[in-house]
Every structure is written in C-alpha cells, then in structure tokens.
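Novice: Sharing a structure here in structure tokens format.
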Amino acid sequence: MEEVLVDAHDRVRVMTLNRPRVLNSLNLSVVSRLAELFEQWERDESVELIIIKAAGKVFSAGGDLRMFYDHRKDESWKEVVYKKYWLDYHLYSYRKTRVAIWHGLVVGGGAGFTFPSTFRIVTENAAFSTPEVAVGFHTDCSASYFLPRLPGHLGEYLALTGSKLDSADMLACGIATHFVPSKDVPELEKTLLNLQPESSIQEAIQGFAKTPEAGASSVMKRMTWINSCFSKDRVEEIIESLASTNDEWCKETARSLRRLSPIALKQALASIRQGRTQSLKKCLEREQRITLNCLRSLVSDDLYEGIRAVVVDKDRAPKWNPSTLAEVTDDMVELILNTYTAREQIQLPLEDEERWSGKYSA
C-alpha cells in the first residue's frame, strides 16, 4: 500500500497521507516521500496549487514513536530526524500555494509540515495538540517557532500541558485560517481542482467558510488565567500560580502538570522561551539538538519510559527519572539544549539557490 497517495489535476497536485491504521504517523519512508514530492512540485512550473489531506479519521498523530523505541540502540532514527527538520525549514519559504485540510487529530510532526501552508482548513472534527511532554519529549518540528507566536502565553500552555484545541479555538488563535464543515469539504476540493488560472484560491475557500461557535470548554476563554500563570519564569512558579488560585480549571491543570516528566517540562519551557526571539533556523537547530540528546538519553531516559508507558505497554504509569522538578537543575537543561557535535548539526542553507542542495547529509 502506498503511504502517500498522489493525484494530478492539471495545475493542481493532491497529496494524501495514507497510513490510517497507524493514524497517519510519520516514519522515514513517509517523510522521504513528502520531501521528494515537495521538491519536485516546486521545480515544476506547471504546478500552481498543492492540496494536502489524509485518509481515515485522523490527519496525523505525528511521529512514529514506536519506531524510535524499537531502534533506540542502533540510532537508525537519525536520518528521519534530519530529513524532517530539513523539510520543515524549506516549507516555510515554499514557492507554491498549499491548502492543508485538517480533520481529526493534528499532532506534532503532522502539524509541523502543514503549519506553513498558505491555507489551513479545519472541520468540526479537527483537534490540534502538541503532546510531546507527556512522553518525556519536547515540542519540535518547528513548534518552538510557531507556538511562541500565538496570542499571549498560549504557546507555553499548549507545549507544557499538551491540551487539545478544537476547531473554533484553532481558528481564533490563528493556527487555522478557515473553518469548513466536513460535509462541504468534497465540494470545496472539487472547486479547487477546477479553478481557472485567474481565479482566487482564497475567495474560493471563503465561499465555503463558516464561523464556528466556541464551546463551553474553549481554551481561548481561559486566556486571562493562561497569560497570568504561564508567563512565569520557571515551571515550579507556573504550577504554584495555578494551584494557588480559586479556579478549579487552574487547579486541575496544576495537578496534570505534576504528573508529567519534570525534565521534559523544563526543557520544553526553555525551548519555547528561546523560540520567542529566535529565527526559524535557530529554532530548528535547537530542536534537533534536544531531539538527539533525548533519543540518546544524555541526561534522562524519560523519552523511552514515556513511549513505553503510552505506546508499548500502555500502562499509563511512567516512572520518571528525575522524579521531581527540584532534581532537574539548570545545568541539566543546558546540556540537553546545547550539547552537539558540529558534524551532526543540521545544515540549513542560507542562500536561496541552495534551498534543495546538500540535503540529508547527517
């Protein structure tokens, strides 16, 4: 079975993630194929529009965590890490119009390669999250670049808690550009496929767009608390500020944070905070360093313990080490964020004409 389906319609190309049985998770062969197609279509002057969608009920659950777990000893995961960050970088300056149609879960790396799309359409079933901290990891695939650029301190909240945003919240905070009911998506696709060259893609999408109502549990309704608590300098201060309120939502958020990997919380907050003022290139270079150091258990084995608890044994009972925030020193976080060898640092081009050359030389 082809993992990425491709359809050509005159000036339009349609890319469909096709691993529904594993929630369209991204492995090496999928990432390699995506990179190949994006490069090919950018060079093809006849291609003007790319539609990105997915088979099944989920757009993408992100990276294939089981792949990382099974290959933790041989480091065969290094190639997919390098390729994915390299691809994410180029997609922010991609020259062709892209329309991503998000339904179901939009998670981690699946969000990462489609967030730079020109248009990001959500249906009523869409849900966005960055749940990496829950498995002892960090928010990556350019998330440390785009999360800090969301309103207020929503980025810190999403990175640390892994909470989901529904389609209304995704639209309200700028993660999505349009909301289209799922029943209208087939007709929207048909319209996009048959657009005349002089027609406006944005106007075509706007013709199907609706304004969803915010639900009772809307995260955007909590922005006063989020900005107050998640603006604190340290994870300990964030949790303390949440727990000290009289608001039950805040107290439950504090309880949830206390159950997560202490080192993952601290490395994720440090990464997001640095991302507020750094370029995309700097963010991806830092993310790659953190990822390599987590996969190599430089300071902690929490990533593999988290994957074991959630994906392998599914007991949902990880034993974090270090087990408390107090045990995680600033020096530990510094090691994770900045330890690397020059040979392994991802090489991202500086000049426009080099954008597709020298790739994957990990």
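The values are calculated or read from the model by the stated rules, or taken from the named source; none is laboratory data. Note that this is a predicted model, so its numbers are computed, not measured. In this analysis, Cβ positions are derived from the backbone assuming ideal geometry, glycine residues included, and neighbour counts consider all displayed protein chains. Surface areas here come from the heavy atoms of the whole protein model, side chains and all, with no ligands, DNA or RNA. Shrake-Rupley method; radii C 1.70, N 1.55, O 1.52, S 1.80 Å.
Novice: Please state the relative contact order of the chain as a whole percent: Cα pairs under 8 Å, 6+ residues apart?
Specialist: Details: 622 pairs, mean separation 59.6, N = 362.
Relative contact order comes out at 16 percent.
Novice: FRET efficiency for Arg95 and His9, Cβ-Cβ distance as r, R0 = 22 Å, nearest 0.05?
Specialist: On the way: r = 19 Å, r/R0 = 0.88.
The formula returns an efficiency of 0.70 here.
Novice: Show that you can apply the helix-only estimate: for the chain, add -39,500 (n - 2.57) for every DSSP H stretch of four or more residues, divide by all residues, and state [θ] at 222 nm to the nearest 500.
Specialist: Details: 16 runs with 149 residues, N = 362.
The helix contribution divided over the chain gives -12000 deg cm²/dmol.
Novice: Related question: Please give the peptides 308-315, 55-62, 87-94 ranked by average Cβ packing (other Cβ atoms within 10 Å per residue), highest first, as a rough proxy for protection.
Specialist: Values: 308-315: 14.0, 55-62: 20.8, 87-94: 18.6.
Going from most to least packed, we get 55-62, 87-94, 308-315.
Novice: Pull up all non-local amide H partners of His9: gap of 5 or more, or a different chain, and H-to-H distance under 5 Å with H placed in the peptide plane.
Specialist: The list, which skips near neighbours in sequence, is Val14.
Novice: Which entries in the list Lys183/Lys210; Lys78/Lys164; Lys57/Lys183; Lys84/Lys282 go over 19 Å, if you measure between the two C-alpha atoms of each?
Specialist: Details: Lys183/Lys210 12 Å; Lys78/Lys164 29 Å; Lys57/Lys183 14 Å; Lys84/Lys282 15 Å.
Going by Cα-Cα distance, Lys78/Lys164 fall outside the 19 Å limit.
Novice: A further question on this structure: For segment 59-146, which trypsin sites (Lys or Arg not before Pro) are both in a DSSP coil and crowded by at most 11 other Cβ atoms within 10 Å?
Specialist: On the way: sites: Arg66, Arg72, Lys73, Lys78, Lys83, Lys84, Arg95, Lys96, Arg98, Arg120; in loops: Arg72, Lys73, Arg95, Lys96.
Hits after loop and neighbour filter: Lys73, Arg95.
Novice: Label segment 195-347 by shape, choosing from rounded, prolate and oblate, from the square roots a ≥ b ≥ c of the eigenvalues of the Cα gyration tensor; if a/c is under 1.5 it is rounded, and otherwise prolate applies when a/b is larger than b/c, oblate when it is not. Don't skip to the answer; put the middle values down first.
Specialist: Values: a/c = 1.88, a/b = 1.25, b/c = 1.51.
Oblate is the answer for segment 195-347, as a/c is 1.5 or above yet b/c matches or exceeds a/b.
Novice: Roll a 1.4 angstrom probe over the protein heavy atoms and tell me the percent of accessible area of segment 220-275 that is carbon or sulfur. Before the final figure, lay out the partial values.
Specialist: Values: 1180 of 2520 Å².
Carbon and sulfur: 47 percent of the exposed surface of segment 220-275.
Novice: Here is a further query. Would you work out if segment 56-135 is rounded, prolate or oblate? Take a ≥ b ≥ c from the square roots of the eigenvalues of the alpha-carbon gyration tensor; rounded if a/c is under 1.5, else prolate when a/b is larger than b/c, oblate otherwise.
Specialist: Numbers: a/c = 2.78, a/b = 1.36, b/c = 2.04.
Oblate, because a/c is 1.5 or more while a/b does not exceed b/c.
Novice: Let me make sure I get this right: for the chain, a, b and c are the square roots of the gyration tensor eigenvalues over alpha carbons, sorted descending. Under 1.5 in a/c it's rounded, otherwise prolate if a/b > b/c, else oblate. Which is it? Intermediate values should be presented prior to the final figure.
Specialist: Values: a/c = 1.81, a/b = 1.30, b/c = 1.40.
Since a/c reaches 1.5 but b/c is at least a/b, the shape of the chain is classed as oblate.
Novice: Any number yet on Rg/Rh for segment 19-66, C-alpha, Kirkwood? Intermediate values should be presented prior to the final figure.
Specialist: Values: Rg = 12.6 Å, Rh = 12.0 Å.
With Rg and the Kirkwood Rh in hand, the quotient comes to 1.05.
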